[in-house]
Amino acid sequence: MKALGSSGWKGPVKFRMPTAENLVPIRLDIQSEGQRYKDAFTWNPSDPDNEVVVFAKRTVKDLKLPSAFITQIAQSIQSQLSDFRAFEGQDMYTGEKIIPIKLDLRVNHTLIKDQFLWDLNNFESDPEEFARTLCKDLGVEDPEVGPAVAFAIREQLYEIAIQSVASARESRLSKKGRRGSDHGSASKASGLSMDLVKLFSFKSSVVRKRKDLDVYEPVVDLLTSEEVDALEAREERHAR
């Protein structure tokens with residue numbers, strides 16, 4: 001798998017997704033009038049807010065959902081966008097961060113598990129391109145798997161970015177309280193990242209070292225219809 005070059009950000013920088021495109025991962029799971037709508041996609045936070053309502057109306061029309069879904073879909077998207085925008089303008093300390101990304105997904109009949117390291121400093125990284133390459137390398141034919149992999153990566157990067165805002169805040173408070181300290185209150189996540197830097201080169205965005213293939217080795221399984229039905233039934237029970 002081809003690794004992407006690092007752009008060398010050392011932080012702090014202003015909050016955004018640590019990828020080339022600043023897209024917000026949106027996840028919907030809405031039930032109303034005996035029907036359920038689940039979806040996951042990315043949204044550009046710079047798009048006009050009225051696009052949210054347009055999207056909700058089009059989705060309800062295309063899927064023939066009850067009209068009550070329009071308001072619920074729009075409100076859920078707007079709420080998640082508001083959460084993202086609340087961090088904009090805040091410092092996000094990246095430092096030399098190599099973070100672990102884990103995949104454990106089922107998309108239709110395809111079950112995929114993998115783990116690899118990602119360079120949080122590379123603001124030119126492309127989860128979608130990485131997902132396409134991964135699926136090609138693994139011989140995954142279902143076209144829905146790639147977008148699901150990219151979304152899972154973006155969702156984890158979003159969580160790490162939020163943690164990085166907290167790390168930057170802690171660092172500022174530490175410097176105010178103890179002059180001369182250099183990021184003295186680094187979080188456990190930061191400590192883990194620095195340990196990983198010692199083990200793995202941080203010159204690339206995606207790393208899977210040959211000596212660690214036993215741990216960092218992708219697994220792909222094709223499930224039977226019976227197995228899929230059993231998993232979906234279990235998921236429905238948990239949803240209730």
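Averaging over every viewing direction, what projected area does the convex hull of the Cα atoms of segment 9-157 cover, in nm²? List each step's numbers first, then the result.
Details: hull surface 39.1 nm².
Reported value for the Cα convex hull: 9.8 nm².
By per-residue mean of other Cβ atoms within 10 Å, what is the highest-first order of 109-116, 80-87, 123-130?
Top to bottom by mean Cβ count within 10 Å: 123-130, 109-116, 80-87.
Provide the per residue accessible area, probe 1.4 Å, for segment 23-65, rounded to a whole number of square angstrom. Could you put the intermediate results ahead of the total?
Details: 2660 Å² over 43 residues.
Using a 1.4 Å probe on heavy atoms only, each residue of segment 23-65 averages 62 Å².
I'd like the distance between the alpha-carbon centres of segment 33-91 and segment 109-166, rounded to an integer number of Å.
What the calculation gives is 22 Å, centre to centre.
So which trypsin sites (Lys or Arg not before Pro) in segment 22-64 are both in a DSSP loop and have at most 15 other Cβ atoms within 10 Å of their Cβ?
Values: sites: ARG27, ARG36, LYS38, LYS57, ARG58, LYS61, LYS64; in loops: LYS64.
Filter output for segment 22-64: LYS64.
Please sort by residue number the GluC sites (Glu not before Pro) in segment 18-64 whose DSSP state is loop and whose Cβ has at most 11 other Cβ atoms within 10 Å. List each step's numbers first, then the result.
On the way: sites: GLU21, GLU33, GLU51; in loops: GLU21, GLU33.
Loop-located and lightly packed - GLU33.
Note down the net charge around ASP29, summing +1 for each Lys or Arg and -1 for each Asp or Glu among other residues with Cβ under 9 Å from its Cβ. Intermediate values should be presented prior to the final figure.
Values: positive: ARG27, ARG36, LYS38; negative: ASP39.
With Lys, Arg at +1 and Asp, Glu at -1, the neighbours total +2.
The values are calculated or read from the model by the stated rules, or taken from the named source; none is laboratory data. Small disclaimer: the values here were computed from a predicted structure and weren't measured. Glycine also receives a Cβ, built like all others from the backbone with ideal geometry; neighbour counts cover every protein chain displayed. Remember, those area values only see protein heavy atoms, side chains included, never the ligands or the DNA or RNA. Shrake-Rupley method; radii C 1.70, N 1.55, O 1.52, S 1.80 Å.
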